[in-house]
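Here's the structure, in structure tokens; my notes come after.
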Amino acid sequence: MEKEHNLVPEDTLWKKFLYRVIYRADTKLGKLFDIILLALILVSTLIIMMESVPQLDRRFHLTFIILEWIISLFFSVEYVTRIIVVKNKKNYIFSFFGIIDFLALVPFYLSFFFPVTKYFLIFRMLRMLRVFRIFNLLDFMNDGYLIVRALKNSSRKIYIFLLFLIIFSVIVGSLMFMVEGGRTGFETIPQSIYWAVVTVTTVGYGDVSPITPMGKFFAVILMLAGYSIIAVPTGIVTAEMRNKRQNLEMVCERCGNEDIDDDARYCKQCGKKLA
């Protein structure tokens, strides 16, 4: 995942200027552009929410449409400009922020053919993450990448945990179907599995509950198990984050590689001997 602040500007003077305004926040114009961008994101989100209110939509429908067109065209020009002014265009397009920028535009154009998709414009709120750059908090983004790497490295353990949880829920749901004897909420095994998942995850909607003494006994066991099970993925990810934090303290002086194993003596990217 390419970090937006690692992108390289084109050599042309006007492209360098636009790059600094659009991608950086170290100039007055750059900060002004970002503040305008965030303001338009908030306005666009507010419009989407107000459009879902029938009374407001009937009264200001035309105004909402005009504002949405203006904002969406601005975002379209901005997205194209972001691609034009960088050398590593592919890196931006497929970067985290590049994908978010694209997703923020697609619903507007899809709404020409499928009107209901306009509500997906709410994804524009994700662009608010650029607030870290505006207020010079880019270093805090490293914590975000640390979480992503920890989740990625823990994925196999989490998959195994989820498989166990699915098997456990299916078994308990099937038992509850037999114990409750097809009563309301437990008429079928899939409905009973739904109740088991809601219970074991400690969500507890309360729309379905057992009636028989044996069913209540199973419910108590499932509720208590839920508190124990919920701690498993948290422990897995926390342990991985702790390991990653220790690894991040080692950085290659030559290439800046941060992905260094605990027992490594040489950098895996450039081959430099580590201190």
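The values are calculated or read from the model by the stated rules, or taken from the named source; none is laboratory data. Just so it is clear, the structure is predicted and the values come from calculations on it, not from any experiment. Cβ sites come from the backbone with ideal geometry, for glycine too, and all protein chains shown count toward neighbours. Side chains included, ligands, DNA and RNA excluded: accessible areas come from the protein's heavy atoms. Shrake-Rupley method; radii C 1.70, N 1.55, O 1.52, S 1.80 Å.
Can you tell me which residue among Arg183, Arg156, Arg127 is at pLDDT 80 or above, under 27 Å from Met214 (Cβ atoms) and among the basic types (Lys, Arg)?
On the way: Arg156 fails: under 27 Å from Met214 (Cβ atoms); Arg127 fails: under 27 Å from Met214 (Cβ atoms).
Only one candidate passes the filter, namely Arg183.
Kindly indicate whether Leu46 is assigned to a helix (DSSP H, G or I), closer than 18 Å to Leu110 by Cα and either open to solvent by 70 Å² or more (accessible area, probe 1.4 Å) or modelled with pLDDT under 90 (or both). Reasoning before the result, please.
Working: assigned to a helix (DSSP H, G or I): yes; closer than 18 Å to Leu110 by Cα: no; either open to solvent by 70 Å² or more (accessible area, probe 1.4 Å) or modelled with pLDDT under 90 (or both): yes.
Considered against the rule, which asks whether it is assigned to a helix (DSSP H, G or I), closer than 18 Å to Leu110 by Cα and either open to solvent by 70 Å² or more (accessible area, probe 1.4 Å) or modelled with pLDDT under 90 (or both), Leu46 comes out as no.
Among what's in the stretch 67-86 and is aliphatic (A, V, I, L, M) and closer than 20 Å to Val116 by Cβ, pick the residue that is least open to solvent (accessible area, probe 1.4 Å). Steps first, answer last, please.
Start the filter on the stretch 67-86 by keeping residues that are aliphatic (A, V, I, L, M), which leaves 67, 70-71, 73, 77, 80, 83-86.
From what is left, the residues that are closer than 20 Å to Val116 by Cβ are 67, 71.
Numbers: Leu67: 70, Ile71: 8 Å².
Looking at the filtered set, the residue picked out is Ile71.
Give all pairs with beta carbons closer than 6 Å in which a residue from the stretch 60-79 that is part of a helix (DSSP H, G or I) meets a residue that is among the hydroxyl-bearing types (Ser, Thr, Tyr) and buried (at least 16 other Cβ atoms within 10 Å of the Cβ); count only pairs at least 6 apart in sequence or on separate chains.
From the stretch 60-79, the pairs are Ile71/Ser44.
Would you mind finding the one in Asp101, Asp57 that is farther than 26 Å from Ile35 by Cβ, open to solvent by less than 50 Å² (accessible area, probe 1.4 Å), assigned to a helix (DSSP H, G or I) and at pLDDT 85 or above?
On the way: Asp101 fails: farther than 26 Å from Ile35 by Cβ.
Testing whether each residue is farther than 26 Å from Ile35 by Cβ, open to solvent by less than 50 Å² (accessible area, probe 1.4 Å), assigned to a helix (DSSP H, G or I) and at pLDDT 85 or above leaves just Asp57.
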